[in-house]
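First the structure, in the form of structure tokens, and then the observations on it.
The values are calculated or read from the model by the stated rules, or taken from the named source; none is laboratory data. Everything numeric here is computed off the predicted structure, so don't read it as measured data. Glycine gets a Cβ as well: all are built from the backbone with ideal geometry, and neighbour counts include every protein chain shown.
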Amino acid sequence: MFVFQDRYRAVFAQLGLVLKSKHGVPTTQLETHSIALPEALKAYYAVAGLEQNLNQAHQHFLPLEKLFIDANNLVFMEENQGVVYWGVPLEPSVSDPPVLQGVYAENGDLTWFPEHTNCSDFLMTMLYMQATFGEVFPYVVSASSSPEQAKQLEQFWSYVGRIGEMKAYAKQNCALTHLQWFDDEWRIFAAFRKRRDQKQAALELGFEWEEL
């Protein structure tokens with residue numbers, strides 16, 4: 001579990017937030033919880049389960065007491081409009097299980113689809129989406145793009161991972177996501193702690209940022 005914890009701490013630190021003990025769910029609560037969490041998810045709660053900025057910036061990471069089970073999936077995240085959920089198969093023996101997306105069907109039940117191959121990478125990649133779609137960073141911007149510009153991005157930014165068609169990229173105190181938006185348009189969303197980093201990214205990538 002400590003390997004997962006170190007990886008999560010590193011992502012938060014890269015995004016400009018040093019996790020402290022107050023951000024984690026106490027070990028006693030995790031050990032006595034009625035549902036046995038897989039190691040990757042348990043480790044996240046241990047270091048960041050009580051963090052309220054990135055965890056609630058766009059999609060909503062569920063507090064420990066609000067976890068629930070649906071179709072033998074442990075649900076840990078809710079979409080910001082409450083129509084999509086994310087969960088992992090309830091198999092505690094698997095340390096880093098795949099993530100499934102649950103969407104409401106016409107009969108009112110959640111229908112589950114594969115979303116990501118493992119929980120730890122999903123959580124870390126999702127943090128970059130939270131940063132670029134939320135209001136945690138002082139400078140959040142967007143720009144029109146194209147699928148081909150992914151290669152250009154990787155010249156200046158470190159590739160983090162992907163969730164569906166969304167790719168996430170990182171720099172210290174900066175986050176960037178690249179995805180297909182409405183009407184088949186591709187867009188970049190970016191978040192910066194400092195204005196000078198926003199300006200530098202515009203020069204590197206040749207964009208004119210739109211303030212959000």
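Summary table below
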| read-out | value |
| --- | --- |
| Residues located in region 115-126, provided they are surrounded by 19 or more Cβ atoms within 10 Å (Cβ to Cβ) and not in a helix (DSSP H, G or I) | 116 |
| The lone exception for residue 186 - which of (1) within 16 Å of residue 54 (Cβ to Cβ); (2) modelled with pLDDT under 95; (3) surrounded by 15 or more Cβ atoms within 10 Å (Cβ to Cβ) it fails | (1) |
| Residue in region 145-153 that is closer than 14 Å to residue 197 by Cβ and of a type in the set (Ser, Thr, Tyr) present | no |
| So residue 88, is it within 20 Å of residue 130 (Cβ to Cβ) and not assigned by TED's automatic domain parsing to the domain that holds residue 160 | yes |
| Answer residue from region 162-183, given it is surrounded by fewer than 17 Cβ atoms within 10 Å (Cβ to Cβ) and either out of contact with any strand residue (DSSP E or B) (no Cβ under 8 Å at 6 or more places or on another chain) or closer than 17 Å to residue 211 by Cα (or both) and is modelled with the highest pLDDT among those | 172 |
| Residue check for residue 105: over 24 Å from residue 57 (Cα atoms), out of contact with any helix residue (DSSP H, G or I) (no Cβ under 9 Å at 6 or more places or on another chain) and surrounded by 12 or more Cβ atoms within 10 Å (Cβ to Cβ) | no |
| Residues being more than 15 Å from residue 131 (Cβ to Cβ) and surrounded by 18 or more Cβ atoms within 10 Å (Cβ to Cβ) - total across region 20-49 | 16 |
| Filter result for residue 61 (within 19 Å of residue 93 (Cβ to Cβ) and either touching a helix residue (DSSP H, G or I) at 6+ places or on another chain (Cβ under 7 Å) or free of Cβ contacts under 8 Å to residues at least 60 places away in the same chain (or both)) | no |
